Amino acid sequence: MANPTRKFDRLMAVPMFLVSLLFLVGVAGAVQEFRAPGSYHSPDRMRLFMFGALGLLPLFWAEAAWHYHLGSPLWRKCLIPCFFPPLRLAARDRQTGTLMWLPLLGWRHVDEDLQDDVQRAFSGPMIVVALMILPLLAIDFVWSHRINMEENQWLQILVETGYSVTWLAFTVEFVVMFSIVNHKLRYLKKHWVDLLIICLPLLAFLRVMQLSHLLRMQQVTKATRVYRLRGVALRVWRGILALDVISRLVRISPERRIEALKQEIAEREREIEKLRREMGRLEMQLKPDSPAEQAIQEGEAA
C-alpha cells in the first residue's frame, strides 16, 4: 500500500506549483499597478490583483491541514508557505524532505546535481530577461515624458509589463535556488542584491498603502506625497536592477566564468579540508590507546 503522505505529495505537486506561480503573478500585477505612472495607475486593478493573490491563501492552509491529518512526518514545513506562499514553489516532499518536484525535471533528489541542472536551466531564460530589461530601461530614461502622456498608454503598458515579467523571473529564480541550496544563509549573503530587487517594490508598496491610510485619516491631500514616494522607490529599484543586469551580463564572459569557477573550487577545497580535520578528530577519539598509555591508566586506577 502506498504511503499516504508520499501519494498526497505527488498528487499536489503540479497544482500547488501552479497556485504558487499564480500567487506571484497576482503580486506582480499589484506591484505593476503600484509602479505605473499617474495616468495609467488604477487602484481598482491593483486591488483586483492583490485580493486575487490573497484569495489563494486558503489553498495553502488546506494543504497544511491535510498533511497534519495524514500525520506527515514533516507537516510543520507546510506552515511556512501558509505565511510565505512563494516558498511553496519548490517545496520538498513532506515524507523525507529530500525530494523536490520541478517542471521538466520531475521528482529529483535535492543535491548538488539538481542545483547544477537548475542553474543551467535558468541561465538561458535569465540571459533573455537581462537583455530584455536594457531596452526597457532605455525607453524609460529617454522617453520618460512620453510615457506619462495619456495618448501613449500602450507604451506605459509595454514598459510596466516588461518590468513585472522581470520581477517575476527574478523571484522565481531566487525562490527555486534558495529552496535547493543547503547553505541558505550563505546563499542570501551572496545574492543579497537579487533579494533587494525582489523585496524593494513590495516594501514600497506596503509603505504607500500605510501612508495613504494615514493621510485619509488626517484629511490631508495625499496624491502628491504618495506619487513622490512611489517615484523614488521606482527609481531606486530600477537603478539596482540595472546594476544587477549588467553584472549578470558581465559574468557571461569566459574570463569571468573561469574566475567564478576558481572561487567555487577554492571554497569547496576549504570545505573538504574542514571535513578532513573533523574526520581526523573523530578517528583519534576512536583509536585505541597504546600499551604504555594503557599501563599508565591501569596504574592510576589501581
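At 1.4 Å probe radius, can you tell me the per residue accessible area of segment 40-102 in Å²?
Working: 3410 Å² over 63 residues.
Per residue, segment 40-102 has 54 Å² of solvent-accessible surface.
So which of Lys184/Lys274; Lys190/Lys274; Lys77/Lys274 end up more than 26 Å apart by C-alpha?
Numbers: Lys184/Lys274 19 Å; Lys190/Lys274 21 Å; Lys77/Lys274 30 Å.
Exceeds cut-off: Lys77/Lys274.
Please compute the length gained on full extension between Leu275 and Ser123, using 0.36 nm multiplied by the number of residues separating them and subtracting their Cα-Cα distance.
In short, 51.6 nm is gained.
The values are calculated or read from the model by the stated rules, or taken from the named source; none is laboratory data. Just so you know, these numbers come straight off a predicted model, no measurement behind them. Protein only, heavy atoms only, side chains kept; ligands, DNA and RNA dropped before computing areas. Shrake-Rupley method; radii C 1.70, N 1.55, O 1.52, S 1.80 Å.
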